[in-house]
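The values are calculated or read from the model by the stated rules, or taken from the named source; none is laboratory data. Because the structure is predicted, anything quoted here is derived from the model rather than measured. Here Cβ is always computed from backbone atoms with ideal geometry, including for glycine, and neighbour counts include all displayed protein chains.
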Amino acid sequence: MQSPYLNRNFGEVNSSVKNNYSLISLIGKGSFGSVYLAKNKKTNEQFACKKMKICLRRMYDKQAILNELKLLACHKCQYIIKLVDAYVTSNHIHLITEYAERGDLSKMIKRLKTRNRYLIEDTVKKYLFQICLGIQYLHNNNVIHRDIKAANIFLTKDNNIKLGDVGIVKILKSTNNYAYTNIGTPYYMSPELYKNKRYNSKTDIWSIGVVLYELMTFKLPYDANNIAGLKYKISNQDWFMENKYKDRYSKELNNLLKNILHPQQFTRYNITQILESPYFYQEYNLIRNDLVKPFSQKFFSNALVPINKNDWNKVIKKYVSTPPKIQAPSPPPLPKLPPIKDAEGYKTKALKIIDKMDELMLHINSDKFRQYSSLKREIKEDLNNYRVKCNKY
């Protein structure tokens, strides 16, 4: 998707930056910082670069950056944006992530709304299913997203979902634990949050319901002129959907929405109930045994909130840097071949050496493999030369 800021001058944006990445154009901007389209200068691959200021930040903001870096670097889920690299320059940290070429759901909804179009049910079902798989991955690892909204859900060029902006995730000690911090985006916050009650992973389910309502209607279930009015409506009023929207979609999808966007968190579906519902039963049954692995264990290791540039570099080294490859031990030198007495004896010994080399190649890295492959080719050429010379084969 072309950026509206393409080819504009952003000072250092077009200059080369650390780790062989260059910033091409501005994709988006917010209170957290800016997101750029980035390119790897060696491979020409495109990525997104989230650039955030780290000096003069509150500890809370630094913790959010740290959370995002850790989660994006350590997860193993295809429906969550993956961190590729990270580095610090002057007063900013740069997170290099996968690039979602089609932007986020909120922009897609705005485009379709201006054209008086709507999403067919197959598309809504696909998006909802992939969102739920991404959230199930987090919930199975005792992590609550806490900021699910259309603007934080991205689309790849293949029209697949990628969850992003995970800075305010909450890590629970167990699945039965509750959280208390009132946090999130107002339109997507659950009734229990507005009522200052303790909450669990089902607060994410409410937010998924709001996104689903948006996908079906291109509207929000609750709207108001101010936070106080919005808080009152979400806390005390039932949401409503006009028949013209309901009629576009199946009865099963409408029923699922009711169970997801239920005001009582104890009655509201959890993520597994959504995926195991009749609406998704067939799709989920096909992949439930092939779900992704849990977080890398380093995600759950303790990390102090970085204070200065050196601290940030240590965090990047701990969570992001690829561990050095363990080199295979050097193989013993090949035995020197005895002087030729008869070509047949030389051939037999040489072929045995080749067989041993073939076995050895299974246990060495690619660079060594090339060296031994070259040596093997030389031995075979020597055999042919001796074959001609001795005229016996």
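Numbers for the structure displayed
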{"quantity": "Residue within segment 313-320 that is touching an Asp or Glu at 6+ places or on another chain (Cβ under 7 Å) and at pLDDT 85 or above present", "calculated": "no"}
{"quantity": "Members of segment 25-68 that are surrounded by 18 or more Cβ atoms within 10 Å (Cβ to Cβ) and of a type in the set (A, V, I, L, M)", "calculated": "L26, I27, V35, L37, A38, A48, M52, I54, A64, I65, L66"}
{"quantity": "Residue within segment 104-114 that is part of a strand (DSSP E or B), of a type outside the set (A, V, I, L, M) and out of contact with any Cys (no Cβ under 9 Å at 6 or more places or on another chain) present", "calculated": "yes"}
{"quantity": "Some residue of segment 74-90 being over 28 Å from K157 (Cβ atoms) and touching a residue at least 12 places away in the same chain (Cβ under 8 Å)", "calculated": "yes"}
{"quantity": "For A100: the one exception among (1) under 20 Å from the mean Cα position of the chain (by Cα); (2) surrounded by fewer than 22 Cβ atoms within 10 Å (Cβ to Cβ); (3) at pLDDT 90 or above; (4) not in a loop (DSSP other than H, G, I, E, B)", "calculated": "(4)"}
{"quantity": "Single residue of Y245, Y188, Y213 found to be surrounded by fewer than 20 Cβ atoms within 10 Å (Cβ to Cβ), closer than 21 Å to Y127 by Cβ and touching a residue at least 24 places away in the same chain (Cβ under 8 Å)", "calculated": "Y245"}
{"quantity": "Filter result for the condition that a residue is within 30 Å of the chain's Cα centre (by Cα), of a type outside the set (A, V, I, L, M, F, W, C), at pLDDT below 95 and not in a helix (DSSP H, G or I), over Q265, Q282", "calculated": "Q265"}
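Okay, residues lined up against (1) in a helix (DSSP H, G or I); (2) more than 25 Å from the chain's Cα centre (by Cα):
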position	(1), (2)
Y187	yes, no
D204	yes, no
L212	yes, no
Y222	no, yes
K231	yes, yes
K244	yes, yes
E252	yes, yes
K258	yes, yes
